[in-house]
Amino acid sequence: MFYHLTQSSAEQTARVLLTRALAQGWRLMIRGTEMAALKRLDARLWEIPPESFVPHGMEGGAQDARQPVLLGTGPVTNGARGLLLIDGAEVDLDEAAGLERVWILFDADNPERLAQARGQWKALTAAGLPAQYWSEESGKWEKKAEKV
């Protein structure tokens, strides 16, 4: 699922997606490209009110395999059924095919990220994986394209 961010931040969108996936009992991984950005997200997830807490941990700890949500730059090590990609992180075809869901969040104001997302769309759909493209340019999330 491709999310073209035009109004919301990756953090805001991730929080909504994480909450929904956790409610279904899924383990997740958030993969980024920079540990500094992931550490900022980690800190923000700890700052939210208790009623909307997202249980999570940073990659590299003794309890990685037990984390409901694992933040990192490496492979999935917590048995995740969903993978959320931010900051230009990648997923390969075999990994994507083995997951229940992959979310690719990319910023509308970053031409490099937009081109990268287009490349990912082409590669994943050419391999026969289903994909949806969502945009919030109208002020609410709307599905703009789908390949099944």
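The residue that is farthest from LEU85 (Cα to Cα), counting only those in the range 1-57 that are surrounded by fewer than 17 Cβ atoms within 10 Å (Cβ to Cβ), touching a residue at least 12 places away in the same chain (Cβ under 8 Å) and among the small types (Gly, Ala, Ser), is SER52. Screening ILE30 on (1) within 12 Å of the chain's Cα centre (by Cα); (2) assigned to a helix (DSSP H, G or I); (3) within 26 Å of ALA123 (Cβ to Cβ) shows it passes everything except condition (2). For LEU85, are the conditions met, namely being under 20 Å from PHE2 (Cβ atoms), at pLDDT below 95, surrounded by 16 or more Cβ atoms within 10 Å (Cβ to Cβ) and among the hydrophobic types (A, V, I, L, M, F, W, C)? Considered against the rule, which asks whether it is under 20 Å from PHE2 (Cβ atoms), at pLDDT below 95, surrounded by 16 or more Cβ atoms within 10 Å (Cβ to Cβ) and among the hydrophobic types (A, V, I, L, M, F, W, C), LEU85 comes out as no. In a residue-by-residue description of the range 111-129, the property of being under 27 Å from ASP42 (Cα atoms) and in a loop (DSSP other than H, G, I, E, B) applies to no position.
Taking the range 39-65, which residues are part of a helix (DSSP H, G or I) and either modelled with pLDDT of 95 or more or not charged (D, E, K, R) (or both)?
Listed by number, the residues that qualify are LEU41, ALA43, LEU45, TRP46, PRO50, SER52, ASP64, ALA65.
Candidates are the residues of the range 124-138 that are touching a helix residue (DSSP H, G or I) at 6+ places or on another chain (Cβ under 8 Å) and free of Cβ contacts under 8 Å to residues at least 60 places away in the same chain; the one that is nearest to LEU105 (Cα to Cα) is LEU124.
Return the residue satisfying two criteria in turn: it lies in the range 82-110 and is part of a loop (DSSP other than H, G, I, E, B), among the hydrophobic types (A, V, I, L, M, F, W, C) and touching an Asp or Glu at 6+ places or on another chain (Cβ under 9 Å), and of such residues it is farthest from ILE30 (Cα to Cα). Before you say what the answer is, go through the steps one by one.
Residues of the range 82-110 part of a loop (DSSP other than H, G, I, E, B): 86-92, 98-100, 108-110.
Add one more test, that the residue is among the hydrophobic types (A, V, I, L, M, F, W, C), and what stays is 86, 89, 91, 99, 108.
Keeping just the survivors that are touching an Asp or Glu at 6+ places or on another chain (Cβ under 9 Å) gives 86, 108.
On the way: ILE86: 7, ALA108: 20 Å.
Checked the range 82-110; the qualifying residue farthest from ILE30 (Cα to Cα) is ALA108.
Here PRO75 meets each of (1) outside any helix (DSSP H, G or I); (2) farther than 23 Å from ALA123 by Cα with one exception, condition (2).
The values are calculated or read from the model by the stated rules, or taken from the named source; none is laboratory data. Because the structure is predicted, anything quoted here is derived from the model rather than measured. Don't worry about glycine lacking a Cβ; one is built from the backbone with ideal geometry, like all the others, and counts go over all protein chains shown.
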